[in-house]
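Peer 1: Have a look at this one before I ask anything.
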Amino acid sequence: MRRSQSGFTLIEIAIVLVIIGLLLGGVLKGQELINQAKIKNLANDINGVTVAIYGYQDRYKRLPGDDPGMTRWTVAGTALTATESGDGNNVIGTAGAGYESTTNTTENRMFWLALRLAGFIGGSTATIADGSTQPLNAAGGILGVQTSALGLTGTVVCAGSLPAKIAQALDAQLDDGNLLTGTVRAQLEGATPPTAVGAAALAAGTANYADNGSNLYTLCKNI
């Protein structure tokens, strides 16, 4: 006697497909919410740096990192020296150094030390190295400052290692969405981020952001 083989009915298959669709939709929606949160946090980080600069200027009449008066503070029980303070030329930045500088005595990094010692931003000041370290941005890259970048003049704040989708959305929120124009500009990073961005440098080989799933960008905005 033959035994009939049981299988899935069309209704059961339809229910499974609906459940899979709901799960995929939830994952995609969740990822979009995460990206939107990162974009919001990045915008807040960049705007927060601007507010901190203005607050520091109002209190000390100098730019953070460019302040010779940083000798007012002590770190690890030792007063900061003139070498560990700014030169007071009203420019945040040391020649040859960019936002990604790893040298503590550059104004690009002393900028963060000054803001932390003054209480405008959080972070450890147990050592000069701790206090001068650039904070991480919401995408996992670093947040830094330099003078002039990507055709922008004056002091700029830069966020590194941003995925293309996030960088373009942030550019659109703060400016015009085009990496080559406006007050927000960007550069495709090399194989080993972070990438230095010079005064005249522009992203080569593309007219705008290219989202291929792996491109990372450094984005800079005028203070």
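Peer 1: Quote the relative contact order of the range 38-222 in percent (integer), defining contacts as alpha-carbon pairs under 8 Å separated by 6+ residues.
Peer 2: Numbers: 392 pairs, mean separation 35.2, N = 185.
Once divided by the residue count of the range 38-222, the mean separation gives 19 percent.
Peer 1: Could you give the size of the charge dipole of the chain about its Cα centre, using +1 on the Cβ of each K and R and -1 on the Cβ of each D and E, expressed in debye and rounded to the nearest 20? Intermediate values should be presented prior to the final figure.
Peer 2: On the way: 14 positive and 16 negative charges, 128 e Å.
Roughly 620 debye for the chain.
Peer 1: Order these by the 10 Å Cβ neighbour count, fewest first: I46, I11.
Peer 2: Values: I46 22, I11 8.
Least to most surrounded, the residues fall as I11, I46.
Peer 1: Let me ask you something else. By per-residue mean of other Cβ atoms within 10 Å, what is the highest-first order of 161-172, 64-75, 121-132? It would help to have the intermediate numbers written out before the result.
Peer 2: Details: 161-172: 22.0, 64-75: 19.0, 121-132: 15.8.
Put in order of decreasing packing, that is 161-172, 64-75, 121-132.
Peer 1: Want the number for N215 to T153: 0.36 nm per residue separation, take away the alpha-carbon distance, what's left? Present the calculation step by step, with values, prior to reporting the outcome.
Peer 2: Details: separation 62, 0.36 × 62 = 22.32 nm, distance 2.56 nm.
Between N215 and T153, full extension yields 19.8 nm more.
Peer 1: Of T153, I92, A139, which is farthest along the charge dipole of the chain in the positive direction, counting Lys and Arg as +1 and Asp and Glu as -1 at C-beta?
Peer 2: Among T153, I92, A139, the one farthest towards the positive end of the dipole of the chain is A139.
Peer 1: Angle check, please: helix 107-117 long axis (alpha carbons) against the longest principal axis of the chain (alpha carbons), in degrees 0 to 90, nearest 10.
Peer 2: 90 degrees
Peer 1: Can you sort D58, D211 so the residue with the fewest Cβ neighbours within 10 Å comes first?
Peer 2: Numbers: D58 8, D211 12.
Arranged by neighbour count, lowest to highest, D58, D211 become D58, D211.
Peer 1: Provide R109, R116 in ascending order of the number of other Cβ atoms located within 10 Å of each residue's Cβ, fewest first.
Peer 2: Values: R109 26, R116 23.
Least crowded to most crowded, the residues run R116, R109.
Peer 1: Calculate the spin-label point distance for V16 paired with T183, positioning each point 7 Å from the Cα along the beta-carbon direction, and give it in nanometres.
Peer 2: Using points 7 Å along Cα→Cβ, the separation is 5.6 nm.
Peer 1: Right, another one. What FRET efficiency do you get for I34 and T192 if R0 is 25 Å and r is their Cβ-Cβ distance, rounded to the nearest 0.05? Walk me through the numbers before you get to the answer.
Peer 2: Values: r = 26 Å, r/R0 = 1.02.
Step by step, r from the Cβ atoms, then E = 0.45.
Peer 1: If you project the alpha carbons of the range 64-136 onto the principal axes, what extent comes out on each, in Å, largest first?
Peer 2: For the range 64-136, the Cα spread along each principal axis is 30, 27, 19 Å.
Peer 1: While we're on this one: Rounded to a whole number, what is D in µm²/s for the range 10-135 from Stokes-Einstein with the Kirkwood radius over alpha-carbon pairs (25 °C, 0.890 mPa s)?
Peer 2: Working: Rh = 17.1 Å.
Approximately 144 µm²/s, per Stokes-Einstein.
Peer 1: Hey, another quick one. Consider the candidate values [x] 0.98; [y] 1.21; [z] 0.95; state which one is Rg/Rh (Cα atoms, Kirkwood Rh) computed from the structure displayed.
Peer 2: Among [x] 0.98; [y] 1.21; [z] 0.95, the one calculated here is [y].
Values quoted throughout were computed directly from the atomic coordinates according to the rules given, and no laboratory measurement underlies them. Everything quoted here is computed from the prediction, not taken from an experiment. Positions of Cβ are backbone-derived with ideal geometry, glycine not excepted, and every protein chain shown enters the neighbour counts.
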